[in-house]
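What follows is a single structure, written as structure tokens, with notes after it.
The values are calculated or read from the model by the stated rules, or taken from the named source; none is laboratory data. Owing to the predicted nature of the structure, the values given are computational and were not obtained by experimental measurement. Neighbour counts run over all protein chains shown; Cβ positions are idealised from the backbone, glycine included.
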Amino acid sequence: MKMQEAMDIINNKPKGFMVHFEWCGDGFLRTDYFPDKHAGESLIPTEHEAWELADRFARVTKGKTCNIYVVDSQFIPVKDYEIRKIANSY
């Protein structure tokens, strides 16, 4: 077991990822994310799956959402998110 895994168990840190984005279609930026951790939804198990969902979400919400990237269970952007962030502009 890695030290970080042990510390996560000790601190009862939830594992998983979320997709962070902003609604931008109405001229204002409103931050949102999914799944909704605070509503008790299960987090996305792997970072890879989260990026795949982010990409699919970006394609179907083009022009309505922007600045899409993956965050961990503590809402901290994942490593190298700046490079992979999806602008999703017109």
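Here are the numbers for this structure:
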| quantity | calculated |
| --- | --- |
| Extreme residue, surrounded by the fewest Cβ atoms within 10 Å (Cβ to Cβ), among residues of segment 67-89 that are out of contact with any helix residue (DSSP H, G or I) (no Cβ under 9 Å at 6 or more places or on another chain) and either among the β-branched types (V, I, T) or closer than 15 Å to F34 by Cβ (or both) | I83 |
| Residue tally, condition within 16 Å of F17 (Cα to Cα), out of contact with any Pro (no Cβ under 9 Å at 6 or more places or on another chain) and assigned to a loop (DSSP other than H, G, I, E, B), over segment 54-76 | 2 |
| Residue that is farthest from A87 (Cα to Cα), among those in segment 18-53 that are assigned to a helix (DSSP H, G or I) and touching a residue at least 12 places away in the same chain (Cβ under 8 Å) | K37 |
| Tally of residues being surrounded by 12 or more Cβ atoms within 10 Å (Cβ to Cβ) and modelled with pLDDT under 80 across segment 26-42 | 0 |
| Residue count for segment 1-16, restricted to those that are free of Cβ contacts under 8 Å to residues at least 12 places away in the same chain, within 22 Å of the chain's Cα centre (by Cα) and assigned to a loop (DSSP other than H, G, I, E, B) | 2 |
| Residues of segment 1-36 that turn out to be out of contact with any helix residue (DSSP H, G or I) (no Cβ under 9 Å at 6 or more places or on another chain) and more than 24 Å from R59 (Cβ to Cβ), as a count | 11 |
| Residue under evaluation T65, criteria (1) β-branched (V, I, T); (2) within 12 Å of the chain's Cα centre (by Cα); (3) modelled with pLDDT under 95, criterion not met | (2) |
| All positions within segment 46-63 that are surrounded by 16 or more Cβ atoms within 10 Å (Cβ to Cβ) and of a type in the set (G, A, S) | A50, A54, A58 |
